[in-house]
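Enquirer: The structure's right below; bear with me while I get my questions together.
The values are calculated or read from the model by the stated rules, or taken from the named source; none is laboratory data. Every value quoted in this text rests on a predicted model; they were computed, and no experiment measured them. Neighbour counts are summed over all protein chains in view; Cβ atoms, including those assigned to glycine, are modelled from backbone coordinates with ideal geometry.
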Amino acid sequence: MRRTWGNLGDQLGLGLIAIGILLIGLAWNGAAGVDFVQGQVPYLLSGGFLGLSLVVFGAALLIVQNHRRDRSLLESQLRDLNTAVTRLANAVGGSAGATNGNPVAHPDRVVIGSSSYHRPDCRLVAGKGLPSTTLEAALSEGLEACRVCQPAGVTA
């Protein structure tokens with residue numbers, strides 16, 4: 001339902017532009033059928049200005065809707081980038097004391113996935129080359145414990 005309401009600004013803007021152009025055309029047609037200026041003015045005032053205002057309002061709706069869509073896309077990309085930088089900082093900062101790159105050597109280390117953290121010997125992350133970090137860093141990122149290996153205190 002959110003997707004339907006999200007496209008309403010585009011559809012409403014295009015509809016208003018179409019109605020505005022139609023009103024401008026009808027006003028021009030009505031004014032073209034009258035030979036004297038006093039008879040043409042009502043057509044231009046009612047149809048022309050109303051049509052022009054609908055075109056401007058429809059264009060404004062299109063611009064605002066596109067701006068909202070672009071902003072939402074940028075916010076999600078920034079959120080993903082922030083998560084990636086945080087994970088990289090945790091992995092680089094926590095790997096300074098690692099012995100020979102073996103995450104099993106540190107019992108407080110966990111392997112981080114996309115939404116959960118795992119024990120280093122978990123079968124779901126074995127051989128995937130995922131970064132490891134401390135348990136505290138994984139919890140601070142809001143990651144949940146793996147349901148398969150259940151790394152409660154993480155001792156490998």
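Enquirer: In region 121-148, what residues are buried (at least 18 other Cβ atoms within 10 Å of the Cβ) and modelled with pLDDT of 85 or more?
Expert: Hits for region 121-148 are 122, 143, 145, 146.
Enquirer: Scanning region 99-116 for residues that are surrounded by fewer than 15 Cβ atoms within 10 Å (Cβ to Cβ) and out of contact with any helix residue (DSSP H, G or I) (no Cβ under 7 Å at 6 or more places or on another chain), which turns out modelled with the lowest pLDDT? Please lay out each step first, then the result.
Expert: First, pick out the residues of region 99-116 that are surrounded by fewer than 15 Cβ atoms within 10 Å (Cβ to Cβ): 99-102, 104-105, 107-108, 114-115.
This time we only want the ones that are out of contact with any helix residue (DSSP H, G or I) (no Cβ under 7 Å at 6 or more places or on another chain), so: 100-102, 104-105, 107, 114-115.
Details: 100: 43, 101: 46, 102: 48, 104: 46, 105: 48, 107: 61, 114: 80, 115: 84.
Checked region 99-116; the qualifying residue modelled with the lowest pLDDT is 100.
Enquirer: Please identify the pairs in which a residue from region 68-92 that is polar (S, T, N, Q) has its Cβ atom under 7 Å from the Cβ atom of a residue that is modelled with pLDDT under 90, counting only partners at least 6 apart or on another chain.
Expert: Close Cβ pairs satisfying both conditions: 86/141; 90/133; 90/137.
Enquirer: Test of understanding: among 22, 44, 74, 12, which residue is out of contact with any Asp or Glu (no Cβ under 9 Å at 6 or more places or on another chain) and at pLDDT below 85?
Expert: Of 22, 44, 74, 12, the one residue that is out of contact with any Asp or Glu (no Cβ under 9 Å at 6 or more places or on another chain) and at pLDDT below 85 is 44.
Enquirer: Which of the residues that make up region 112-142 are more than 18 Å from residue 82 (Cβ to Cβ), free of Cβ contacts under 8 Å to residues at least 12 places away in the same chain and among the small types (Gly, Ala, Ser)?
Expert: Passing the criteria: 126, 127, 129.
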